[in-house]
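> There's a structure below that I have some questions on.
The values are calculated or read from the model by the stated rules, or taken from the named source; none is laboratory data. Note that the structure is a prediction, hence the values are computed from the model and not measured. Reconstructed Cβ throughout: ideal geometry from the backbone, glycine too, with neighbour counts over all protein chains shown. Ligands, DNA and RNA are stripped out before the accessible areas are found, and what is left, the full protein with its side chains, is counted by its heavy atoms. Shrake-Rupley method; radii C 1.70, N 1.55, O 1.52, S 1.80 Å.
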Amino acid sequence: MDIVGFLKSQFICHLLICYIFIVSGLIINFIQLFTLILWPINKQLFRKINCRLAYCISSQMVMLLEWWSGTDCTLYTDPESYHKYGKENAIVILNHNFEIDFLCGWNFCERFGVLGSSKVLAKKELSYMPIIGWMWYFLEIVFCKRKWEEDRKTVVQKLLNLRDYPENFWFLIHCEGTRFTEQKHQISMKVAEAKGLPKLKYHLLPRTKGFAVTVQCLRNVVSAVYDSTLNFRNNENPTLLGVLNGKKYHADLYVRQVIHILIPFKEERIPLEDVPEDEQECSTWLHKLYQEKDAFQEEYYRTGTYPAVPTVPPRRPWTLLNWLFWALLLLYPLFQLLINMINSGSSLTLASFAFVIIIASVGVRWMIGVTEINKGSTYGNNDNKQKQK
């Protein structure tokens, strides 16, 4: 192992990275709190400022993937429409199979300049999480309780609020509602059999109501739907801990148009007017989409590639520069404090510092654990929760 690889695997480096992320994130959350005074005065200025503040947080995660881990991301798409990415509002449908698929989605956004303004449909519990959850609150992220009868009114209102958003944004949505596991897949396929729907091998049944409402509310705001399927080469199953350890992965992201699976690949953009507005028709449309996604997944596992032109979008320097700024700002006072504590010779002071390190270590492990599949949401594990079409 080379010296750089050795350093990347050391826990002290992980602690420093997490220290920078946590402290800078809390500082930014605090600044965001003060931006609330702008909302009644100039809502659009509030939104633009918070897009940039959010970028300062989320780009640190992307920096880990792009620069620390060095993970490569190849985009398979249509060259003729490639130039439209980042220049229009879009709904991005993503599969939900990997622990870092959210990070790869952010990387996709970053390469085309919409990371700071990207939106998601997230579970309500995440809104209480410091840094990321609080950042999302100021970004007007759509939170839901996963109980559609209670969620519908709130989700509709939040989506309608985005109709005058001043920045180009991508609305990232995992229509399966939860990350893929074998247990959830078995339950989901029982529901498919009961409802007479074709079974899927590599996906859960999509939750169609949230998607249909998203399309209805954003129809005149969003220009296209990007259907995206993520895979990793060599059957790798990447983790956030692996990224933190500097392990390099190679992601393949397929962005395509909805077409019949027997027709050759043509174009990656799905004009939103081609997506049915009626809820039942939209449900049928989305189920067909996932049947096609399953077929493309099968093809990838068989051939190791997608039927489109591979492109590597250029890596932008801003994620690294943002992280270096916060590192220079926050590491100096930390080291100065550490030196003063050592020079003091106080056993109590040193014991207190050791205690803080232990607490920080536990906190880092907890944050990583949030992304782990085996500790993920139980949503979808019970038959009585599979009532939604």
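> Roughly how many nanometres apart are two label points built 7 Å out from the Cα toward the Cβ at Glu279 and Ser9?
The modelled label-to-label distance comes out at 5.4 nm.
> So, one more: How far is the Cα center of region 227-257 from the Cα center of region 34-57, in Å?
32
> Identify which of Gln183, Gln291, Gln32 has the largest mean-square fluctuation in a Gaussian network model of the chain, with springs joining Cα atoms closer than 10 Å.
Comparing Gln183, Gln291, Gln32 in the GNM, the peak value goes to Gln183.
> Same structure, new question: Taking 7 Å along the Cα-to-C-beta vector as the label spot, tell me the Asp2-Gln216 distance in nanometres, rounded to one decimal.
5.5
> Something else now. Roughly what angle does helix 101-111 make with the longest principal axis of the chain, taking Cα atoms, 0 to 90 degrees, to the nearest 10?
The angle comes out at about 90 degrees.
> Between region 71-97 and region 193-220, how many Å separate their Cα centres?
Rounded to whole Å, the Cα centres lie 20 Å apart.
> Accessible area of Met189, 1.4 Å probe, to the nearest 10 Å²?
Estimated to the nearest 10 Å², Met189 gives 20 Å².
> Still on this structure, I have one more. Between Phe34 and Tyr301, how many nm apart are label points set 7 Å from Cα along the C-beta direction?
5.3
> Applying the Karplus parametrisation 6.51 cos²θ - 1.76 cosθ + 1.60 with θ = phi - 60° to the phi angles of region 322-328, what ³J(HN,Hα) value in whole Hz is obtained for each residue in order, glycine and proline being reported as x?
My calculation for region 322-328 gives 4, 5, 4, 4, 5, 5, 5 Hz in order.
> My understanding is that a pair violates if its Cα-Cα distance is over 29 Å; which of Lys8/Lys201; Lys158/Lys248; Lys158/Lys247; Lys119/Lys184 do that in this structure?
The pairs that break the limit, which is 29 Å between Cα atoms, are Lys8/Lys201; Lys158/Lys248; Lys158/Lys247.
> Report relative contact order for the chain in percent, whole number only (criteria: Cα-Cα under 8 Å, sequence separation at least 6).
RCO, the chain: 26 percent.
> Ordered by packing density, taken as the mean number of other Cβ atoms within 10 Å over each peptide's residues, highest first, how do 332-338, 23-29, 95-101 rank?
Highest to lowest by the protection proxy: 95-101, 23-29, 332-338.
> Of Asn245, Asn235, Asn168, which is the most mobile in a GNM of the chain whose springs link Cα atoms less than 10 angstrom apart?
Result: Asn235 has the largest fluctuation of those listed.
> While we're here: Just how much of Ser81 is accessible, in Å², when a 1.4 Å probe is used and the result is rounded to the nearest 10?
10
> Can you compute the charge dipole magnitude of region 52-91 about its Cα centre, using +1 on each Lys and Arg Cβ and -1 on each Asp and Glu Cβ, nothing else charged? Give it in debye, rounded to the nearest 20.
Computed charge dipole of region 52-91: roughly 240 debye.
> Quick check on my link table: of Lys123/Lys153; Lys124/Lys147; Lys147/Lys209; Lys43/Lys123; Lys123/Lys209; Lys48/Lys87, which ones sit more than 18 Å apart, alpha carbon to alpha carbon?
From the list (Lys123/Lys153; Lys124/Lys147; Lys147/Lys209; Lys43/Lys123; Lys123/Lys209; Lys48/Lys87), the Cα-Cα distance tops 18 Å for Lys43/Lys123.
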